[in-house]
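J.: Below you will find the structure I want to go over with you.
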Amino acid sequence: MTDNNENTRLHALYAMGILDTRAEERFDRLTRIAAKLFDVPITLVSLVDKDRQWFKSKFGLNINSTPRIDSFCTVVVEEGKALVVNDAMKDYRFSEKSLVIGEPYIRFYAGYPVKLPDGEIAGAICIIDTQPRSFSEIEFGLLKDLAEVVEDEFRIIALATIDSLTGICNRRSFSMIAEETLRKAKKRKKKFSISIIDLDNFKRINDTWGHSEGNAALITFSNILDDLAHDHNIVARLGGDEFGILLPDAAIRGANKFINDLSAALASYNMTSDKPHKLSFSAGTVEFDEKKHLNLGEMLKDADDRMYLVKKNRKQLESWVTTVAS
């Protein structure tokens, strides 16, 4: 898997907003069923992050994650196909792994990839035994069936967290991911930034050229936003013509660079577009300040206030230019 492909996969995983979320019965039921069905002591729904595998559901294991380098599931993700290891001690790829020579002393592993609604692989549903064993074609088919059930649940989650018009995150998923980012920032004393964006003169587009053209403008803008996003950056449509950008690894300087890159990308689009209107935006960007932002609501309000100040100043400038020109 190339770095670009991995970055795309990780971005899709982060956009789903399911990493580091609480246990859910919909997934726990599947790992319990798998343990009984295959008569194994450990079953997992594993999500493979950049440097770790995190368990959305676990049966028979007391830890929530392991380093990615030690995981079997990362091979499933990297190769994009199911993996069966009958005896880990006899497989050179795994015989020296800490999870094999130490607890939980993995000997047998079978994992099937689970995909997100956009086709990217999130991780695997896997079964683990502390004794070597064989794995029949019938058992393989059953594991595949369980993987498809996991994917069905991902699709249900996506319906609740993805904006139906633009295909990027909605306000709900943006808020969930931002809340978790804020919690980690407080704990680890890290910087991160949020930008709130509002399209300029969007009402005029709707009123003059119709709602279908307005929807097309929203889709175009969201596509440009999504193309610029990378790694952990999350872009979302918060409602109407309002968008949000979460930059969990960027201080204000990095966030401002993103906004500048967005302005350049939009200017390039406007130069080549055959549309009768131009797209522009106003943005308010804030860096997390633990003394000022006690919760996510205060941080979003700060960004929102800054955005409206930018919009107000732009309108005043446009009014002045119009007056001078006349």
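The values are calculated or read from the model by the stated rules, or taken from the named source; none is laboratory data. Please read these numbers as outputs of a predicted model, since none were measured by experiment. As a convention, Cβ positions derive from the backbone with ideal geometry for all residues, glycine included, and neighbour counts pool all protein chains shown. These area figures cover heavy atoms from the full protein model, side chains too; ligands, DNA and RNA do not enter into them. Shrake-Rupley method; radii C 1.70, N 1.55, O 1.52, S 1.80 Å.
J.: Looking only at segment 77-97, filter to residues that are open to solvent by 50 Å² or more (accessible area, probe 1.4 Å) and more than 29 Å from the chain's Cα centre (by Cα); which one of those is nearest to Y14 (Cα to Cα)?
T.: Residue satisfying both the conditions and the ranking: R93.
J.: Is there a residue being farther than 22 Å from K311 by Cβ and of a type in the set (V, I, T) anywhere in segment 269-276? Spell out how you get there, then give the answer.
T.: Within segment 269-276, the subset farther than 22 Å from K311 by Cβ is 271-274, 276.
With of a type in the set (V, I, T) added as a condition, the list becomes 272.
Yes, that holds for at least one residue.
J.: Please tell me if K56 is open to solvent by 10 Å² or more (accessible area, probe 1.4 Å), among the basic types (K, R) and at negative phi.
T.: In short, no.
J.: Enumerate the pairs (first residue in segment 132-158 and under 12 Å from F38 (Cβ atoms); second residue anywhere and assigned to a helix (DSSP H, G or I)) with beta-carbon separation below 7 Å, excluding pairs fewer than 6 apart on the same chain, so at least 6 apart or on different chains.
T.: E139/F38; L142/L37; L146/L30; L146/A34
J.: How many residues are of a type in the set (V, I, T) and open to solvent by 30 Å² or more (accessible area, probe 1.4 Å) if we restrict to segment 246-266? Don't jump to the end; show me each part of the working.
T.: Quick first cut of segment 246-266, residues of a type in the set (V, I, T) only: 252, 259.
Subset that is open to solvent by 30 Å² or more (accessible area, probe 1.4 Å): 252.
Within segment 246-266, residues that are of a type in the set (V, I, T) and open to solvent by 30 Å² or more (accessible area, probe 1.4 Å) number 1.
J.: Would you check which residues across segment 98-134 are open to solvent by 30 Å² or more (accessible area, probe 1.4 Å), in a loop (DSSP other than H, G, I, E, B) and touching a Phe, Trp or Tyr at 6+ places or on another chain (Cβ under 8 Å) and list them?
T.: Within segment 98-134, P117, T130, Q131, P132, R133 meet the criteria.
J.: Step by step: first the residues of segment 21-48, then only those that are under 16 Å from the mean Cα position of the chain (by Cα) and buried (at least 17 other Cβ atoms within 10 Å of the Cβ), then the one that is nearest to D129 (Cα to Cα). Which residue is that?
T.: Restricting to residues being under 16 Å from the mean Cα position of the chain (by Cα) and buried (at least 17 other Cβ atoms within 10 Å of the Cβ), the top hit is S46.
J.: Can you spot a residue in segment 273-280 that is closer than 25 Å to E6 by Cβ and touching a residue at least 12 places away in the same chain (Cβ under 8 Å)?
T.: No, segment 273-280 contains no residue that is closer than 25 Å to E6 by Cβ and touching a residue at least 12 places away in the same chain (Cβ under 8 Å).
J.: Further, regarding this structure: Can you say whether Y105 is among the hydroxyl-bearing types (S, T, Y) and over 29 Å from A160 (Cα atoms), as far as the supplied structure shows?
T.: Judged against the criteria, Y105 is a match.
J.: Quick one: in segment 135-171, which of the residues that are open to solvent by less than 60 Å² (accessible area, probe 1.4 Å) and polar (S, T, N, Q) is nearest to L225 (Cα to Cα)?
T.: Within segment 135-171, the match that is nearest to L225 (Cα to Cα) is T166.
J.: Output the residues belonging to segment 170-184 that are modelled with pLDDT of 90 or more and not charged (D, E, K, R).
T.: N170, F174, S175, A178, L182
J.: Take the conditions surrounded by 21 or more Cβ atoms within 10 Å (Cβ to Cβ) and under 20 Å from the mean Cα position of the chain (by Cα) and apply them to G17. Does it pass? Break it down into steps so the answer makes sense when it comes.
T.: On the way: surrounded by 21 or more Cβ atoms within 10 Å (Cβ to Cβ): yes; under 20 Å from the mean Cα position of the chain (by Cα): yes.
Against the criterion (surrounded by 21 or more Cβ atoms within 10 Å (Cβ to Cβ) and under 20 Å from the mean Cα position of the chain (by Cα)), G17 qualifies.
J.: Show me the strands (runs of 3 or more DSSP E) found entirely inside segment 1-95 where at least 3 residues are of a type in the set (A, V, I, L, M).
T.: Hits in segment 1-95: 42-48, 83-85.
J.: Quickly run through segment 119-177 and pick out the residues that are of a type in the set (S, T, N, Q) and over 24 Å from V84 (Cα atoms). Explain how you work it out, then say what you get.
T.: Residues of segment 119-177 that are of a type in the set (S, T, N, Q), as a first pass: 130-131, 134, 136, 161, 164, 166, 170, 173, 175.
Matches in segment 119-177: T161, S164, T166, N170, S173, S175.
J.: Let me ask something else about it. If I ask for residues that are over 26 Å from the mean Cα position of the chain (by Cα) and either outside any loop (DSSP other than H, G, I, E, B) or of a type outside the set (K, R) (or both), which ones from segment 281-305 would you list?
T.: Scanning segment 281-305 gives a single hit, D305.
J.: Still on this structure, please answer the following. Return the only residue of F174, F243, F192 being open to solvent by less than 10 Å² (accessible area, probe 1.4 Å), more than 15 Å from the chain's Cα centre (by Cα), closer than 25 Å to E6 by Cβ and not β-branched (V, I, T). Don't jump to the end; show me each part of the working.
T.: Values: F174 fails: more than 15 Å from the chain's Cα centre (by Cα); F243 fails: closer than 25 Å to E6 by Cβ.
Answer to the check: F192.
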